[in-house]
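Report on the structure given below.
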Amino acid sequence: MKNITVVVLTFNTPENIILDCLSSINKDIKILIIENSDKFIHEEKILSKFDNVNIKCTGKNLGYGGGNNFGIAAVQTDYILILNPDVICSKDLFSNIKDVINQNNNFSIIGCQYSHDRVFMPAGFFDKKKNQKFEDNFRNDKIDDLAEVDWVTGCSMLLNYKKFKDKKIFDENFFLYFEEFDLCKSLIDKGEKVYSSKKLRIHHLGFKSSFDESSPYRRNINRVREWHWMWSSFYFYKKNYGYFYALKKTIRKLISSILKIIFYSLTFNKIEKEKYKYRFLGMYNSILNKPSSFRDNLR
């Protein structure tokens, strides 16, 4: 356990969310909180409550990949557990991590699975047919305890740091979304091993990492999410499969966004109109090879 560090990336995370996350982590495990801004507002309370926590601020919002790279660069252990702050660890997670590492140490990434969610997939394959077979087996509980896969979700994943020569693990051209898929794809292409483990369980609250529900920035956050979801999807396909493949893969979403902007303009639905406006803008900027620069005051 002394050879594992938990890296938790925060950005104006509500106090109750980060406290629940930290309280679920074994007290013998080193925890490094990376605040993706110039000030961690809960620092005094967290440090008074948890002896195993260190805190570093990036100085500005570097996004998921940049923020985690910042934290990973400060880690001294061989294993790193990346956790979103809206994750609660199962009671046996850390004892099971030890067992899983002993079982198979030839891995680059092992992804965790969800304790109470059989809808959202925690792992899968890039090939459509293989992915459908895996989904069917997963939902029928027919996969191995440690299943080899192509990708895992980034809210909770164990990194074997010894396997990474480049310590900037994530592509910082991404700001939000698809970073973990891109990382896994690069590893698979090099013949490295990615797994999903039944023994490593977490509860993921989802979309609770930044600000609370009453925050005046909720609208800004939604804009940023819609914009970057589309930007990152095109960039991921372009980077890994080529520009024209990316265009073929995403053109329907672009056209759909345009049609929905028109529809919701005519029906005076401002919320939905704004949603698809920012989806369109994200995709449009990515198609034009422009950087993922949209922040909407979320600095």
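The values are calculated or read from the model by the stated rules, or taken from the named source; none is laboratory data. Bear in mind the structure is a predicted one, so any value in this text is a computation, not a measurement. Quick reminder, even Gly has a Cβ in these numbers, built from the backbone with ideal geometry, and neighbours come from all protein chains shown.
The table below lists the values:
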{"item": "Given (1) closer than 16 Å to F126 by Cα; (2) exposed (fewer than 15 other Cβ atoms within 10 Å of the Cβ); (3) charged (D, E, K, R), index of the condition E180 fails", "result": "(2)"}
{"item": "Options F236, F170: the member that is among the aromatic types (F, W, Y), under 22 Å from D86 (Cβ atoms) and crowded, with 17+ Cβ neighbours inside 10 Å", "result": "F170"}
{"item": "Any hit, the range 205-214, residues being surrounded by fewer than 17 Cβ atoms within 10 Å (Cβ to Cβ), modelled with pLDDT of 95 or more and on the phi < 0 side of the Ramachandran plot", "result": "no"}
{"item": "Residue in the range 177-191 that is at pLDDT 95 or above, farther than 30 Å from S24 by Cα and assigned to a loop (DSSP other than H, G, I, E, B) present", "result": "yes"}
{"item": "Any hit, the range 37-54, residues being without any contact (Cβ under 8 Å) to a residue 40 or more places away in the chain, of a type in the set (V, I, T) and crowded, with 16+ Cβ neighbours inside 10 Å", "result": "yes"}
{"item": "When residues of the range 249-284 are limited to those that are β-branched (V, I, T) and in contact (Cβ under 8 Å) with a residue 12 or more places away in the chain, the one surrounded by the fewest Cβ atoms within 10 Å (Cβ to Cβ)", "result": "I258"}
{"item": "Residue count, the range 96-127 (criterion: at pLDDT 95 or above and loosely packed, with under 13 Cβ neighbours inside 10 Å)", "result": "1"}
{"item": "Where I33 falls short, out of the listed (1) among the hydrophobic types (A, V, I, L, M, F, W, C); (2) within 20 Å of the chain's Cα centre (by Cα); (3) assigned to a helix (DSSP H, G or I)", "result": "(3)"}
{"item": "The one condition in (1) outside any helix (DSSP H, G or I); (2) modelled with pLDDT of 95 or more; (3) touching a Lys or Arg at 6+ places or on another chain (Cβ under 9 Å) that L200 fails to fulfil", "result": "(3)"}
